[in-house]
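Reviewing the structure listed below.
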Amino acid sequence: MQLLERDIPLTSAEISQLWVTYMNDSAAICHLEHELNIVEDNEIKSILQYVLKVSQSHINSVVEIFNKENHPIPHGFKLSEDVDVTAPRLFTDKYYLNTLNQLGKIGLNNYSLAVSLVAREDIYHFFSTCLNESDKIIKWTNDVLLSKGLYVRPPQLPKAESFDYVTKQSFLTGYFGERRPLTATEIAHLYANFQRNALGSATMMGYSQVAKDKDVVQYFIKGKEIAQKHCAIFESYLKENDLPSPMMLDSEVTDSTIYTFSDKKMTFYSSTLTAVSLGYYGTGMSMSPRRDLGVMYSRLMAEVAKFADNGAKLMIKHGWMEEPPQAADRDELTNN
């Protein structure tokens, strides 16, 4: 007899992806509601309204699925607990637009992974819809960035006259002798990782101004320093090849020091961005044949991983880390 979809239990992959979606979107709703209260540009406001609607629909869908499965709903983040939507502006509209663009790209990566992991028809349909929404956000924000002259295009390269093959082992080296020029793929990853760190630096700077706990403030200051250092490293490789770098976004942070978001929400958001950067660095390393670039990415990943570990410890210390779904502890069950 063929099982109905509702009779097929959720797999660990499906539960984990739904849980992460709920956590991320409940956090996103907090800053989207605040931004909609103070955004001035009508084009950016329209995108914010759409993204808020999308995030709210994701929450409703996950709650509906979990309720049908008798699965507990995560606590996540609440407007009543984690944001003052009437607080003064912490970032400029330009920052909002760049953040929306990056969030669309992060969503595209996350939901494409989810689609590859899930099988149940209703769950696949949900994440497939999320994937299409992220694609729309990227295209929309790209168009607005271009129309406002804010889209920073990656460097252009001279046209090759024909294809060629690598004939020397020196193509892989990067420590001794003359370094070969960067490949287009290496440039693309260095450039994109600079942009993400520029946004991260501005985010950490703003968060450090409104955080209340001293340890949390120092955590954000350290994050800002790491992001700025990584930008400088990526820029040095680009400059070595006479290539331009993107702009920093630190000037898009206001001087507000008034409570805007809870320390819990900001620490979670920072930890999420840190985890995402590890994935991007890993991709950059795998796509960079020059050995010095691989070592560079490996070193930066170690620094980011340590920062992520400190963030996790901070969240545990304050009781902010919500436990994700886990396998049963058979030893504990046996002892009981």
Got a sec? Which of Lys229, Lys264 is open to solvent by 30 Å² or more (accessible area, probe 1.4 Å), at pLDDT 95 or above and over 18 Å from the mean Cα position of the chain (by Cα)? Lys229
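Yes or no, residue by residue, for (1) within 21 Å of Phe268 (Cβ to Cβ); (2) of a type in the set (Phe, Trp, Tyr); (3) open to solvent by 50 Å² or more (accessible area, probe 1.4 Å):
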position	(1), (2), (3)
Lys45	no, no, yes
Val63	yes, no, no
Pro72	yes, no, yes
Ala87	yes, no, no
Thr92	no, no, no
Leu103	yes, no, yes
Leu117	no, no, yes
Arg120	no, no, no
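I'd like to check something: does the range 322-331 contain any residue that is surrounded by fewer than 16 Cβ atoms within 10 Å (Cβ to Cβ) and in contact with a Gly (Cβ under 6 Å, 6 or more places away or on another chain)? Walk me through it before giving the result.
The initial filter retains those residues of the range 322-331 that are surrounded by fewer than 16 Cβ atoms within 10 Å (Cβ to Cβ), namely 322-331.
If we keep only those that are in contact with a Gly (Cβ under 6 Å, 6 or more places away or on another chain) as well, we get none.
No, every residue in the range 322-331 fails to be surrounded by fewer than 16 Cβ atoms within 10 Å (Cβ to Cβ) and in contact with a Gly (Cβ under 6 Å, 6 or more places away or on another chain).
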Pick from the range 235-259 the residues that are among the hydrophobic types (A, V, I, L, M, F, W, C) and closer than 28 Å to Glu35 by Cβ: which of them is most open to solvent (accessible area, probe 1.4 Å)? Met247
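Kindly indicate the residue of the range 278-321 that is of a type in the set (S, T, N, Q) and either at pLDDT 95 or above or exposed (fewer than 13 other Cβ atoms within 10 Å of the Cβ) (or both) and also nearest to the chain's Cα centre (by Cα) among those meeting that condition.
Of the range 278-321, the ones of a type in the set (S, T, N, Q) are 283, 286, 288, 298, 310.
The next check asks that each one be either at pLDDT 95 or above or exposed (fewer than 13 other Cβ atoms within 10 Å of the Cβ) (or both); those that pass are 283, 286, 298, 310.
Values: Thr283: 14, Ser286: 19, Ser298: 19, Asn310: 18 Å.
My answer is Thr283.
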Kindly list, by first and then second residue, each pair from a residue in the range 170-190 that is assigned to a loop (DSSP other than H, G, I, E, B) to a residue that is modelled with pLDDT under 85, limited to pairs with Cβ atoms under 7 Å and residues at least 6 apart or on different chains. Gly177/Ser170; Arg180/Ser170; Arg180/Phe171
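Working carefully through the options Ser256, Ser236, Ser271, find the one that is closer than 30 Å to Ser26 by Cα and at pLDDT 95 or above.
Going through Ser256, Ser236, Ser271 in turn, the sole match is Ser256.
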The range 277-288 residues that are within 15 Å of Ile106 (Cβ to Cβ), paired with ones that are open to solvent by 50 Å² or more (accessible area, probe 1.4 Å) (beta carbon under 7 Å, 6 or more apart): Ser277/Arg196; Tyr280/Arg196
Search result, residues across the range 70-88 that are polar (S, T, N, Q) and either part of a helix (DSSP H, G or I) or over 15 Å from Val39 (Cα atoms) (or both): Asn70, Ser80
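Tell me, which helices (runs of 4 or more DSSP H) wholly within the range 254-336 include 2 or more residues that are within 27 Å of Pro181 (Cα to Cα)? Full working, then the answer.
Working: elements: 263-286, 291-317, 330-335.
Per the criteria, 263-286, 291-317.
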Index of the failed condition, Asn109 passing every other in (1) within 24 Å of Val210 (Cα to Cα); (2) surrounded by fewer than 20 Cβ atoms within 10 Å (Cβ to Cβ); (3) of a type in the set (S, T, N, Q): (1)
With the first residue restricted to the range 132-153 and required to be without any contact (Cβ under 8 Å) to a residue 12 or more places away in the chain, and the second required to be among the small types (Gly, Ala, Ser) and open to solvent by 70 Å² or more (accessible area, probe 1.4 Å), Cβ contacts under 8 Å at 6 or more apart or on different chains are none
Find the residue count for the range 89-115, including only residues that are within 15 Å of Ser201 (Cα to Cα), assigned to a helix (DSSP H, G or I) and of a type in the set (S, T, N, Q). 3
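The values are calculated or read from the model by the stated rules, or taken from the named source; none is laboratory data. Owing to the predicted nature of the structure, the values given are computational and were not obtained by experimental measurement. Methodologically, a virtual Cβ is constructed for each residue, glycine included, from the backbone with ideal geometry; neighbour enumeration extends over all protein chains shown. Quick note on the areas: whole protein, heavy atoms, side chains included, nothing else; ligands and nucleic acids left out. Shrake-Rupley method; radii C 1.70, N 1.55, O 1.52, S 1.80 Å.
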